[in-house]
Amino acid sequence: MAYSNRSLPEEELSVNPAMLTGCRSLGYYGFMEELTPGRIREGLATKFVGQKIVYYESIGSTNEVAKGLVDKGAPEGTLVIAEEQTAGKGRLGRRWIAPAGTGLLFSLLLYPNLTLEQVPRLTMLASLVAAEAIESVTGLAVRFKWPNDILIRGGKAGGVLTEMGVTGERLDYVVMGIGLNVNWNPSQVPELAGKATSLSEELGREVSRLELLQRLLIYMEGGYLRLQEGYLPHKVFTSRLADVGEKVEVVLPRGKEEGFVEGVDADGALLLRREDGSTVGVTMGEVA
Ligand code: BT5
């Protein structure tokens, strides 16, 4: 197993390596390595993230299930995970495509103490913990495309879908959905060819989904607790942003904005420097 030897800057969401004992892979795992609740929980050194697990072989969307669990009193950190989604969602009505048993498709239910404007911090956190888990398990370098794409060598290997429940101005809950391409070749799907990639495609061998998931959940718990204490992930997020310094066009809900990418602000807005020298923060849109 290759591990990244990149030393973590102090700001990174590093964890005590002792916490990771028990989540090494157990040898041969094979393509259809099972992600059953028992196996996920075994050796998972978290207090609440992933301690309650709702598992499906096949379901519409794990995000939808997680939202439905709020009224049933599901605890913070509840993990909803599926081997297959029949209606996997991206943002803005788009689809998330993944054959059964090939990746990680899951959602975490959280009740964060954040304002509505601060919720994008969780999307950045999710990308960061996914990146650190991927790097630590595979050694592959992970970059981001704003706001929610997880890239390996320029190809999309994963995405984050953050949804929230709101009463008036109060945040009730957040569902953090993460999809990662692990052991399949997304170029088989015409819609994804040339744009998407996976860990196995980049590494030339299969990767233990269980090990990746457990690591991600452990990192998530540490990062989430820090975030609740005021940690701001935007600088580390920016350090992994693929387009920094480049001129991009961002398609907005209405119109578009052009400029050089400077980074991301504390609440996740993409900072663009326009031709006239002014800086604008873009909160919703798509980098073309
Ligand atoms: C995302 O949306 O990238 C967020 C994806 C989140 C998926 C997870 S899976 C578990 C949880 N439950 C759900 O129902 N969803 C979450 P967006 O930025 O809108 O990107 C969607 C676009 O990515 C699509 O329009 C495709 O072009 C592309 N895409 C779809 N499936 C892909 C895949 N497997 N790999 C790479 N790109 C993909």
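The values are calculated or read from the model by the stated rules, or taken from the named source; none is laboratory data. Bear in mind the structure is a predicted one, so any value in this text is a computation, not a measurement. Note that we place each Cβ from the backbone using ideal geometry, even for glycine, and neighbour counts take in every protein chain shown.
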Going through the range 258-286 one residue at a time, which ones are assigned to a strand (DSSP E or B) and farther than 17 Å from residue 127 by Cα?
258, 259, 260, 261, 262, 271, 272, 273, 279, 280, 281, 282
Selection from the range 244-257 of residues that are part of a loop (DSSP other than H, G, I, E, B), modelled with pLDDT of 95 or more and of a type in the set (D, E, K, R):
246
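Yes/no per residue for (1) assigned by TED's automatic domain parsing to the domain that holds residue 153; (2) among the basic types (Lys, Arg):
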| residue | (1), (2) |
| --- | --- |
| 226 | yes, yes |
| 251 | no, no |
| 254 | no, yes |
| 257 | no, no |
| 260 | no, no |
Is there a residue in the range 217-234 that is in contact with an Asp or Glu (Cβ under 8 Å, 6 or more places away or on another chain), surrounded by fewer than 23 Cβ atoms within 10 Å (Cβ to Cβ) and in contact (Cβ under 8 Å) with a residue 24 or more places away in the chain?
yes
In the set 201, 246, 206, which member is over 22 Å from the mean Cα position of the chain (by Cα) and either more than 18 Å from residue 162 (Cβ to Cβ) or crowded, with 16+ Cβ neighbours inside 10 Å (or both)?
246
When the residues of the range 45-101 are narrowed to those that are of a type in the set (S, T, N, Q) and over 19 Å from the mean Cα position of the chain (by Cα), which ends up farthest from the ligand (Cβ to nearest atom)?
58
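The rows are residues; the columns are (1) β-branched (Val, Ile, Thr); (2) more than 16 Å from the ligand (Cβ to nearest atom).
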position: 191; (1), (2): no, no
position: 194; (1), (2): no, no
position: 197; (1), (2): yes, no
position: 200; (1), (2): no, no
position: 207; (1), (2): yes, no
position: 215; (1), (2): no, yes
position: 222; (1), (2): no, yes
Out of everything in the range 51-95 that is farther than 23 Å from residue 184 by Cβ and in contact (Cβ under 8 Å) with a residue 40 or more places away in the chain, what residue ends up being surrounded by the most Cβ atoms within 10 Å (Cβ to Cβ)?
66
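Every residue, every condition in (1) within 15 Å of the ligand (Cβ to nearest atom); (2) modelled with pLDDT under 95; (3) under 10 Å from the mean Cα position of the chain (by Cα); (4) surrounded by fewer than 24 Cβ atoms within 10 Å (Cβ to Cβ), yes or no:
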{"position": "103", "(1), (2), (3), (4)": "yes, no, no, no"}
{"position": "107", "(1), (2), (3), (4)": "yes, no, yes, no"}
{"position": "111", "(1), (2), (3), (4)": "no, no, no, yes"}
{"position": "118", "(1), (2), (3), (4)": "no, no, no, yes"}
{"position": "124", "(1), (2), (3), (4)": "yes, no, yes, no"}
{"position": "130", "(1), (2), (3), (4)": "yes, no, yes, no"}
{"position": "139", "(1), (2), (3), (4)": "no, no, no, yes"}
{"position": "148", "(1), (2), (3), (4)": "yes, no, yes, yes"}
